[in-house]
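Notes follow once the structure below has been shown.
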Amino acid sequence: MEFLHTLPREDGFYMPAEFAEHEGCIIVWPERPGSWSFGAREAREAFTAVIKAIAVSEKVYVIAGSSSIASAQEMLADVGNIEIINMETDDSWARDIGPTFVVNGKGTVRCINWNFNAWGGEVDGLYPSWDKDNAFAAAFAEKYGCRMYNAVPFVMEGGAIHSDGEGTVMVTESCLLSAGRNPKLTKEQIEQKLKDYLGAKKVIWLPRGIYNDETNEHVDNVCAFTAPGEVVLAWTDKEDDPQYVMSLACLQTLEAATDACGRKIKVHKLPIPDVPVCIREDEVGGYDFEDGEDMREAGERLAASYVNFYIANKTVVMPAFGGENAESDERAEKILQKLFPERKIVVVPARAILTGGGNIHCITQQIPKGVKL
């Protein structure tokens, strides 16, 4: 892969909002036995539901390794508007291992190659080897025919950034300032990297993310832009819940902030599930962890959040957790429908994705509409 030798900002490129029009979406078929229990059976059913919901209005590029491509072909045989591509990865978090796409005012699309180190490298990375994941963004860009900027050695994941498409980018301090990512860079230097590569004019630093989020609290699990000047924030009114102080700190930051256009930010609260979602003993038994891999434990609280949705061209694909959180699911669906009146909210039972370590936004990476020049 031949990289461009300029910066996106210098060339007039910026990261568009997720609610802007897409050409497609990248999803990586689940396989890793340390993430997806019992041969990824339930996870693949959930991924299939997500793919179907997105493919209604944009093409889905389904990435599958040699040992799992037959499964993808079989389970997705009746799904239109998809392309199954044989590429090897270490896991299935397309948001974090895929390229981040940028556009300019002339309708041109390019992308960025970040350095990926499994959310913390040797400090607190979640698995010991990530070479395939780190090589994936460039491999996909070459296959897709998209020119690419190279941000390496800067460590970054797609789930760590949210853009309004008008010069404002949101991140969390807990993630971007973590010891396992770019410890030699100051906060100011990291912010400049975001401005250089994402074309940002302003960076809003939220203090925290979602409780127990093993990515060091990615922003995409706690807060997302729903329109210019508007965000949705994961919330709880329960002051004894550890999420309360985390979300409150984010709310205070947002209420004091303005975006790159000078607007005050309108915050819509999106309550987390009423009952904490914890992994069960029977689920833990379905994993096969390798040495050095982060292990699930029965009773462990998972980072369940409805903010981890994906905005497709005609749908918003929202995770649901069911059972004792059925009312919470319904409440979240109603809130999101008001925020996205022109899109259909598609609710996907996503516990099998959550037990893998993330959710719907984490397994998707949008490709903005445009010409690849």
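The values are calculated or read from the model by the stated rules, or taken from the named source; none is laboratory data. The structure displayed is predicted, hence computed values, not measured ones. Note: ideal-geometry Cβ built from the backbone for every residue, glycine included; neighbour counts use all protein chains shown. Just the protein is used for accessible areas: all its heavy atoms, side chains included, with ligands, DNA and RNA removed. Shrake-Rupley method; radii C 1.70, N 1.55, O 1.52, S 1.80 Å.
For the stretch 210-219, which positions are surrounded by 23 or more Cβ atoms within 10 Å (Cβ to Cβ), out of contact with any Lys or Arg (no Cβ under 8 Å at 6 or more places or on another chain) and within 8 Å of ALA303 (Cβ to Cβ)? Across the stretch 210-219, the qualifying residues are ILE210, ASP213. Selection within the stretch 53-72: residues that are in a helix (DSSP H, G or I) and over 13 Å from ILE26 (Cα atoms). The member of this set that is most open to solvent (accessible area, probe 1.4 Å) is ALA70.
Residues in the stretch 97-131 that are among the polar types (S, T, N, Q) and either at positive phi or open to solvent by 30 Å² or more (accessible area, probe 1.4 Å) (or both): ASN115, SER129.
Here ARG9, ARG41 are screened, and the one residue that is open to solvent by 10 Å² or more (accessible area, probe 1.4 Å) and either under 25 Å from LYS344 (Cβ atoms) or part of a loop (DSSP other than H, G, I, E, B) (or both) is ARG9. Considering VAL232, VAL222, the condition of being open to solvent by less than 20 Å² (accessible area, probe 1.4 Å), among the β-branched types (Val, Ile, Thr), more than 26 Å from ALA138 (Cβ to Cβ) and touching a Gly at 6+ places or on another chain (Cβ under 7 Å) is satisfied by VAL222 alone. If the condition is being part of a strand (DSSP E or B) and buried (at least 18 other Cβ atoms within 10 Å of the Cβ), then the stretch 73-84 contributes only ILE82. Which condition breaks for LEU373 when tested against (1) over 21 Å from the mean Cα position of the chain (by Cα); (2) open to solvent by less than 60 Å² (accessible area, probe 1.4 Å); (3) hydrophobic (A, V, I, L, M, F, W, C)? Condition not satisfied by LEU373: (2). Pairing residues of the stretch 199-216 that are within 21 Å of PRO242 (Cβ to Cβ) with residues that are part of a strand (DSSP E or B) and open to solvent by 30 Å² or more (accessible area, probe 1.4 Å), at Cβ distances under 6 Å and at least 6 apart in sequence or on separate chains, gives ASN212/ARG301. Within the stretch 132-158, the set of residues being open to solvent by less than 10 Å² (accessible area, probe 1.4 Å) and closer than 22 Å to ASN104 by Cα comprises ALA137, PHE140, ALA141, CYS146, MET148, TYR149, ALA151, MET156, GLU157, GLY158. All of LEU194, LEU248, LEU254 fail the test of being of a type in the set (A, V, I, L, M), open to solvent by 20 Å² or more (accessible area, probe 1.4 Å) and out of contact with any helix residue (DSSP H, G or I) (no Cβ under 8 Å at 6 or more places or on another chain), apart from LEU248.
Tell me, yes or no, whether the stretch 171-186 has at least one residue that is hydroxyl-bearing (Ser, Thr, Tyr), touching a strand residue (DSSP E or B) at 6+ places or on another chain (Cβ under 9 Å) and open to solvent by less than 10 Å² (accessible area, probe 1.4 Å). Even if it seems obvious, please write down each step before you answer.
First, the residues of the stretch 171-186 that are hydroxyl-bearing (Ser, Thr, Tyr): 172, 174, 178, 186.
If we keep only those that are touching a strand residue (DSSP E or B) at 6+ places or on another chain (Cβ under 9 Å) too, we end up with 172, 174.
Remaining after also requiring open to solvent by less than 10 Å² (accessible area, probe 1.4 Å): 172.
For the stretch 171-186, residues hydroxyl-bearing (Ser, Thr, Tyr), touching a strand residue (DSSP E or B) at 6+ places or on another chain (Cβ under 9 Å) and open to solvent by less than 10 Å² (accessible area, probe 1.4 Å): present.
Evaluating ALA312 against the criteria (1) of a type in the set (A, V, I, L, M); (2) within 19 Å of ALA43 (Cβ to Cβ); (3) in contact with an Asp or Glu (Cβ under 7 Å, 6 or more places away or on another chain) leaves one unmet condition, (2).
Right, ALA94: among the small types (Gly, Ala, Ser), at pLDDT 95 or above and either closer than 21 Å to THR215 by Cβ or open to solvent by less than 10 Å² (accessible area, probe 1.4 Å) (or both) or not? For ALA94, the condition - among the small types (Gly, Ala, Ser), at pLDDT 95 or above and either closer than 21 Å to THR215 by Cβ or open to solvent by less than 10 Å² (accessible area, probe 1.4 Å) (or both) - is met. The condition (being surrounded by fewer than 21 Cβ atoms within 10 Å (Cβ to Cβ), more than 29 Å from GLY24 (Cα to Cα) and either in contact with a Cys (Cβ under 8 Å, 6 or more places away or on another chain) or at pLDDT below 95 (or both)) is satisfied by just one residue among ASP291, ASP241: ASP291. Scanning the stretch 275-317 for residues that are touching a residue at least 40 places away in the same chain (Cβ under 8 Å) and at positive phi yields a single hit, GLY292. Would you mind stating whether ARG331 is touching a Cys at 6+ places or on another chain (Cβ under 6 Å) and either surrounded by fewer than 19 Cβ atoms within 10 Å (Cβ to Cβ) or farther than 26 Å from ASN117 by Cα (or both)? Judged against the criteria, ARG331 is not a match. Where strands (runs of 3 or more DSSP E) fall entirely within the stretch 86-190, those with at least 1 residues that are of a type in the set (Phe, Trp, Tyr), more than 23 Å from VAL50 (Cα to Cα) and touching a residue at least 60 places away in the same chain (Cβ under 8 Å) are at 148-155. Against the numbered list (1) outside any loop (DSSP other than H, G, I, E, B); (2) crowded, with 23+ Cβ neighbours inside 10 Å, TRP36 comes up short only at (1).
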